[in-house]
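Each value in this text was obtained by applying a stated rule to the coordinates, not by laboratory testing. Because the structure is predicted, anything quoted here is derived from the model rather than measured. Don't worry about glycine lacking a Cβ; one is built from the backbone with ideal geometry, like all the others, and counts go over all protein chains shown.
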Amino acid sequence: MVAKLVLDQLEKTGGLLTPLTLPSVNATTGQYMQNDGSGGLSWVAAPADVSGFSKVTYVTATDATWAFEATTNKAIVEVQASGGAAGNNDAAGWQGGGGGGGSYASKFLDSTAIAGVTPKLNILIGGVAGIAASGNTTSITQAGTAVFTTITCVGGGGGASGAGVTGTGGEGGAVPTTGDINMPGGNGGGKDAGGSFMGIDTRNRTSAAGAGPAACGYGRGGRGGTGAGSPAGGTGGPAIVIVWEFV
């Protein structure tokens with residue numbers, strides 16, 4: 001014979017807690033018990049919008065129809081523009097100006113921004129600049145049924161070449177205006193490169209003269225070249241967009 005306990009309420013012995021009244025019907029598959037705050041217990045379905053990390057994507061090439069996963073309900077997007085390239089050098093003892101860093105923004109997109117059966121992004125990746133040229137704009141705009149304000153980050157300015165003087169450094173990309181976090185790029189100065197949110201300091205050349213090294217990381221400016229023979233300036237760091245998806 002199977003023993004069983006039959007009761008309608010549960011209450012802690014000697015306590016002052018409200019008695020818990022058990023449901024009067026059976027649960028269906030997958031249901032959970034919830035309390036109404038007054039001691040009444042009932043069966044309910046699990047929440048449909050329980051949030052959790054799903055996927056991260058690193059986008060380094062332009063894609064006009066980038067698509068979210070079908071289960072994605074929220075997302076965080078990060079946008080880092082490319083850095084400017086440094087100027088080269090045209091006279092011994094002088095340096096090309098360092099490139100400016102690209103600006104950065106991040107934004108949370110809620111379920112209303114990416115609702116619908118075809119939530120997509122139009123991602124424009126700005127290319128790496130040539131010698132003494134500025135970095136390029138990187139942006140995310142609406143595509144499909146996604147609805148949000150365009151996020152635009154500006155590339156860092158190119159450094160000037162040095163001819164008998166040290167070249168002027170490029171300006172950092174202007175601070176964005178439509179992200180939740182908005183950061184400008186750092187200014188280049190002399191041969192030194194401007195920083196970026198996703199770039200790290202560039203290691204200097206191993207000799208007194210030579211081409212400027214390329215930027216380390218994303219969005220940092222290139223360092224200037226120095227010495228005789230017109231050594232080239234370093235290239236700026238590339239752009240990147242990172243998309244974090246949540247269900």
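In Å³ and rounded to a whole number, note down the convex hull volume per residue for the Cα atoms of region 77-128. List each step's numbers first, then the result.
Values: hull volume 3.2 nm³, N = 52.
Per-residue hull volume (Cα only) is 61 Å³.
The lysines whose alpha-carbon is closer than 26 Å to the alpha-carbon of K120, local same-chain residues fewer than 8 away aside, are K55, K74, K107.
Taken over the Cα atoms of region 7-46, the convex hull encloses 73 Å³ per residue. Over the chain, Cα pairs under 8 Å with separation of 6+ residues give a relative contact order of 25 percent. Derived from the Cα gyration tensor, the three semi-axes of the equivalent ellipsoid of the chain are 59, 19, 13 Å, largest first. Among G229, G96, G157, the largest mean-square fluctuation in a Gaussian network model of the chain (Cα springs under 10 Å) belongs to G229. Taking only the C-alpha atoms of region 102-177, Rg followed by Dmax gives 17.0, 61 Å. DSSP beta bridges fully contained in the chain are about 95 percent antiparallel. Taking a Cβ cut-off of under 14 Å around P184, the surrounding Lys, Arg, Asp and Glu residues balance to a net charge of 0, with basic ones at +1 and acidic ones at -1. Applying 0.36 nm per residue to the separation of T62 and A115 and subtracting their alpha-carbon distance, the gain on full extension is 16.8 nm.
Taking amide H as placed 1.01 Å from N in the peptide plane, G162 has its amide H under 5 Å from the amide H of N88, N89, D90, G96, G97, G167, each at least 5 places away in sequence or on another chain. Between Y104, Y58, Y32, the Gaussian network model of the chain with springs among Cα atoms under 10 angstrom shows the greatest mean-square fluctuation at Y32. The length gained by stretching the chain between A70 and S54 to full extension, at 0.36 nm per residue less their Cα-Cα distance, is 4.7 nm.
For the Cα trace of region 37-168, dividing Rg by the Kirkwood Rh returns an Rg/Rh value of 1.28. Between S54, S38, S196, the GNM of the chain built on Cα springs shorter than 10 angstrom shows S38 fluctuating the most.
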